[in-house]
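The structure under discussion appears below in the form of structure tokens.
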Amino acid sequence: MNVTIVDYNSGNISSVINSFKEVAQNKVNIEVTADLNKIKSSDKIVLPGQGSFKSCVDALNNINGLVDTLNEFAINNKKPLLGICVGLQMFADIGYEETETKGLGWISGKVSKIDNKNGKYKLPHIGWNQINIVKESKIFKNIENNSHMYFVHSYEFIPKDKNVISATIDYSTNIVCSAEKGNLFGTQFHPEKSDKIGLKIINNFINL
Amino acid sequence: MLKNRIIPCLDVKNGRVVKGINFVDLKDAGDPVEQAKIYSDGGADEICFLDITASNENRSTIYEVIKKTSEKCFVPLTVGGGVRSIEDINKLLNCGADKVSINTAAVQNPKIVMESSLKFGSQCIVVAIDAKKEANSWKIFTHGGRKKTGIDVIKFAKQVEEYGAGELLVTSMDRDGTQKGYDIDLMQKISETVNIPVIASGGVGNLDHLVEGITKGKVNAVLAASIFHYGKYSIKQAKEYLDSKGIPVRI
């Protein structure tokens, strides 16, 4: 099996690479590339994302044919794809970080700044928070409810259809931290930095 | 609920830990990778490396340390010490650091905070502030606390927040190494001034100091070095103690 981590200049992805290699050992082949043919022939894709919504969308668009290839993979062929952090946020129709930017439109919704309740809550939301699993999800197999995951973000994904939400966290408001729609999976938290329990989620995705 | 973080810090010089954990099961007490692994297995919420390598020739040793640690530890890694340029930050991130802390360079040229947070994202840019009390205010010191700048800490903290720093790591020069506890007034003042998370550093001698930092200093994370060295306290003990005092921590 081939799992491809899409390397589209979205910032620092070394932690994502390390964690997937740790989980895969030598049983699964982990590719790190933006090569369209390699992406097309993969079994699963990981879409990381760091920095702003706009910078990540721009970086995707800067690679000729990448968005079309991802659409073909995830929407037409319905093969499993995991978005992490801004990787998940880009599933939305639109994001409001820096400036209004069009997302991939895979899961209808928007990405807005977290309400800090007039400065009562610090942003970025950095650190370990407990996830509240609201829907059975394949990537949460053997993951206990209220497990701690590592977060670092100032924006949140607000999907239109609440049925896609698989987990939330309590911060200033109830924030979506995991979404699932068919073959599309996304986490706002960083499984690659969430210790053993995060590696378990990565393992669940690899073994889908 | 967001938990308060406990961050052990390892001082690294020429690729080796200076003050290390003196555990019996350690093969090599000077190996930063092995020590970081002990901390992460013990439940550290994040691991901080402070590179105190004096000469430029040996600067590259920290890259190797980060690279190896990030292959074994799957919690956030923060690296600071001697970070001068965007290129330095880029190299550290590529080696596997999740956050880079900038100290002297941010004081000399605050624009580096703006440039780096735009380029890499605020989430990975930490500004480290070394503060010393003078009369009724705190002033910034640079070059590992050796050089006085006269810059007001609170004004500087606000400025780097505006420039896009994702977090502040605040060290009290008066308390560092004393084991008398954090400078609580300083921590509280900064925490109430900025809307980004604050990490307290400098002066921890016992577990009550960690409690005070969070309850009175209002910080979001507590960093300590020497209490975790030589196995005086383990990360687990520290967390259980905070938990017993009603402080939300990840256990």
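The values are calculated or read from the model by the stated rules, or taken from the named source; none is laboratory data. Here the structure is a predicted model, which is why all the values come from computation and not from measurement. For neighbour counting, all protein chains shown are included, and Cβ atoms are generated from backbone atoms with ideal geometry for every residue, glycine included. The area values use the complete protein model at the heavy-atom level, side chains included, leaving out ligands, DNA and RNA. Shrake-Rupley method; radii C 1.70, N 1.55, O 1.52, S 1.80 Å.
Given the range B:89-185, what helices (runs of 4 or more DSSP H) lie entirely inside it while holding 1 or more residues that are within 13 Å of chain A (Cβ to nearest Cβ)? First the steps, then the outcome.
Values: elements: B:104-108, B:111-120, B:153-162.
Helices (runs of 4 or more DSSP H) meeting the threshold: B:111-120, B:153-162.
Can you pull out every residue in the range A:54-111 that is farther than 20 Å from B:Gly121 by Cβ and in contact with a Pro (Cβ under 7 Å, 6 or more places away or on another chain)?
Within the range A:54-111, A:Ile107, A:Ser108, A:Gly109 meet the criteria.
Cβ-Cβ below 6 Å, separation at least six or inter-chain, first residue in the range B:139-161 and touching a residue at least 24 places away in the same chain (Cβ under 8 Å), second charged (D, E, K, R) and surrounded by 15 or more Cβ atoms within 10 Å (Cβ to Cβ): which pairs?
Every condition considered, the pairs that remain are B:Phe141/B:Asp130; B:Phe141/B:Lys132; B:Gly145/B:Asp130.
I'd like the residue in the range B:208-223 that is of a type in the set (D, E, K, R) and in a loop (DSSP other than H, G, I, E, B) and, out of all such residues, is farthest from A:Pro124 (Cα to Cα). Let's see the steps before the verdict.
In the first step, residues of the range B:208-223 are kept if they are of a type in the set (D, E, K, R); the result is B:208, B:212, B:216, B:218.
With in a loop (DSSP other than H, G, I, E, B) added as a condition, the list becomes B:216, B:218.
Details: B:Lys216: 22, B:Lys218: 16 Å.
Per the criteria, the residue is B:Lys216.
Say we look at the range A:149-193 and pick out the residues that are closer than 19 Å to A:Trp128 by Cβ and acidic (Asp, Glu); which of these is most open to solvent (accessible area, probe 1.4 Å)?
So, considering only residues that are closer than 19 Å to A:Trp128 by Cβ and acidic (Asp, Glu), the one most open to solvent (accessible area, probe 1.4 Å) is A:Asp170.
Is it the case that the range B:39-49 has a residue that's outside any helix (DSSP H, G or I) and open to solvent by 20 Å² or more (accessible area, probe 1.4 Å)? Outline the logic, then answer.
Pass one, the range B:39-49, residues outside any helix (DSSP H, G or I): B:42-49.
Those still in the list that are open to solvent by 20 Å² or more (accessible area, probe 1.4 Å) too: B:42.
Within the range B:39-49, one or more residues are outside any helix (DSSP H, G or I) and open to solvent by 20 Å² or more (accessible area, probe 1.4 Å).
List pairs: first in the range A:25-43 and part of a loop (DSSP other than H, G, I, E, B), second among the aromatic types (Phe, Trp, Tyr), Cβ under 9 Å, 6+ apart or cross-chain?
Hits for this filter: A:Val28/A:Phe20; A:Ala34/A:Tyr8; A:Ser42/A:Phe73.
For the structure I just gave you, tell me whether B:Lys147 is modelled with pLDDT of 95 or more and either open to solvent by 30 Å² or more (accessible area, probe 1.4 Å) or under 22 Å from B:Asn206 (Cβ atoms) (or both). Steps first, answer last, please.
On the way: modelled with pLDDT of 95 or more: no; either open to solvent by 30 Å² or more (accessible area, probe 1.4 Å) or under 22 Å from B:Asn206 (Cβ atoms) (or both): yes.
Answer is no for this residue.
Could you list, in sequence order, the residues of the range A:106-136 that are in a strand (DSSP E or B) and more than 14 Å from chain B (Cβ to nearest Cβ)? Step through it out loud before you land on a result.
First pass over the range A:106-136, keeping only residues in a strand (DSSP E or B): A:109-113, A:125-130, A:132-133.
Within the range A:106-136, A:Gly109, A:Lys110, A:Val111, A:Ser112, A:Ile133 meet the criteria.
Within the range A:3-24, restricting attention to residues that are part of a helix (DSSP H, G or I) and among the β-branched types (Val, Ile, Thr), which residue is surrounded by the fewest Cβ atoms within 10 Å (Cβ to Cβ)? Please lay out each step first, then the result.
As a first pass, look at the range A:3-24 and keep what is part of a helix (DSSP H, G or I): A:14-24.
Among the residues that remain, those that are also among the β-branched types (Val, Ile, Thr) are: A:16-17, A:23.
Numbers: A:Val16: 29, A:Ile17: 19, A:Val23: 24.
The residue in question is A:Ile17.
So in the range B:71-88, with the set limited to residues that are surrounded by fewer than 24 Cβ atoms within 10 Å (Cβ to Cβ) and outside any loop (DSSP other than H, G, I, E, B), which one is farthest from the other protein chains (Cβ to nearest Cβ)?
So, considering only residues that are surrounded by fewer than 24 Cβ atoms within 10 Å (Cβ to Cβ) and outside any loop (DSSP other than H, G, I, E, B), the one farthest from the other protein chains (Cβ to nearest Cβ) is B:Gly80.
Just to be sure, is B:Val18 open to solvent by 10 Å² or more (accessible area, probe 1.4 Å), of a type in the set (Val, Ile, Thr) and more than 14 Å from chain A (Cβ to nearest Cβ)? Outline the logic, then answer.
Details: open to solvent by 10 Å² or more (accessible area, probe 1.4 Å): yes; of a type in the set (Val, Ile, Thr): yes; more than 14 Å from chain A (Cβ to nearest Cβ): yes.
The answer is yes for B:Val18.
Quick one: count up the residues across the range A:137-182 that are touching a residue at least 40 places away in the same chain (Cβ under 8 Å), more than 14 Å from the chain's Cα centre (by Cα) and within 14 Å of chain B (Cβ to nearest Cβ).
9
Assigned to a helix (DSSP H, G or I), open to solvent by 40 Å² or more (accessible area, probe 1.4 Å) and either in contact with a Phe, Trp or Tyr (Cβ under 6 Å, 6 or more places away or on another chain) or among the polar types (S, T, N, Q) (or both): does that describe B:Gln188?
Numbers: assigned to a helix (DSSP H, G or I): yes; open to solvent by 40 Å² or more (accessible area, probe 1.4 Å): yes; either in contact with a Phe, Trp or Tyr (Cβ under 6 Å, 6 or more places away or on another chain) or among the polar types (S, T, N, Q) (or both): yes.
For B:Gln188, the condition - assigned to a helix (DSSP H, G or I), open to solvent by 40 Å² or more (accessible area, probe 1.4 Å) and either in contact with a Phe, Trp or Tyr (Cβ under 6 Å, 6 or more places away or on another chain) or among the polar types (S, T, N, Q) (or both) - is met.
Does B:Ser172 meet the test of being within 24 Å of B:Pro76 (Cβ to Cβ) and either surrounded by fewer than 24 Cβ atoms within 10 Å (Cβ to Cβ) or touching a Lys or Arg at 6+ places or on another chain (Cβ under 7 Å) (or both)?
Considered against the rule, which asks whether it is within 24 Å of B:Pro76 (Cβ to Cβ) and either surrounded by fewer than 24 Cβ atoms within 10 Å (Cβ to Cβ) or touching a Lys or Arg at 6+ places or on another chain (Cβ under 7 Å) (or both), B:Ser172 comes out as no.
Being open to solvent by less than 10 Å² (accessible area, probe 1.4 Å) and among the acidic types (Asp, Glu) is the requirement here; does B:Glu34 meet it? Talk me through it step by step, then tell me what you get.
On the way: open to solvent by less than 10 Å² (accessible area, probe 1.4 Å): no; among the acidic types (Asp, Glu): yes.
No.
Can you tell which of B:Ser116, B:Ser122, B:Ser101 is open to solvent by less than 20 Å² (accessible area, probe 1.4 Å) and out of contact with any Ser or Thr (no Cβ under 7 Å at 6 or more places or on another chain)? Outline the logic, then answer.
On the way: B:Ser122 fails: open to solvent by less than 20 Å² (accessible area, probe 1.4 Å); B:Ser101 fails: out of contact with any Ser or Thr (no Cβ under 7 Å at 6 or more places or on another chain).
Selected residue: B:Ser116, the only one of B:Ser116, B:Ser122, B:Ser101 that is open to solvent by less than 20 Å² (accessible area, probe 1.4 Å) and out of contact with any Ser or Thr (no Cβ under 7 Å at 6 or more places or on another chain).
For the range B:152-169, what are the residues that are in contact with a helix residue (DSSP H, G or I) (Cβ under 8 Å, 6 or more places away or on another chain) and open to solvent by 60 Å² or more (accessible area, probe 1.4 Å)?
Of all residues in the range B:152-169, those in contact with a helix residue (DSSP H, G or I) (Cβ under 8 Å, 6 or more places away or on another chain) come to B:153-154, B:156-158, B:160, B:163-166, B:168.
Within the range B:152-169, just B:Lys158 meets the criteria.
Out of the range A:65-101, which residues are open to solvent by 50 Å² or more (accessible area, probe 1.4 Å), more than 20 Å from A:Val176 (Cα to Cα) and either in contact with a Cys (Cβ under 8 Å, 6 or more places away or on another chain) or at pLDDT 95 or above (or both)?
Across the range A:65-101, the qualifying residues are A:Asp68, A:Glu72, A:Ile75, A:Asn76, A:Asn77, A:Lys78, A:Lys79, A:Glu100.
For the range B:52-70, give me each residue that is open to solvent by 10 Å² or more (accessible area, probe 1.4 Å) and either in contact with a Leu (Cβ under 6 Å, 6 or more places away or on another chain) or under 21 Å from B:Thr171 (Cα atoms) (or both).
B:Ile52, B:Ala54
Within the range A:194-208, take every residue that is within 12 Å of another protein chain (Cβ to nearest Cβ), open to solvent by less than 10 Å² (accessible area, probe 1.4 Å) and not in a loop (DSSP other than H, G, I, E, B) and give me the one that is farthest from A:Asn2 (Cα to Cα).
A:Gly198
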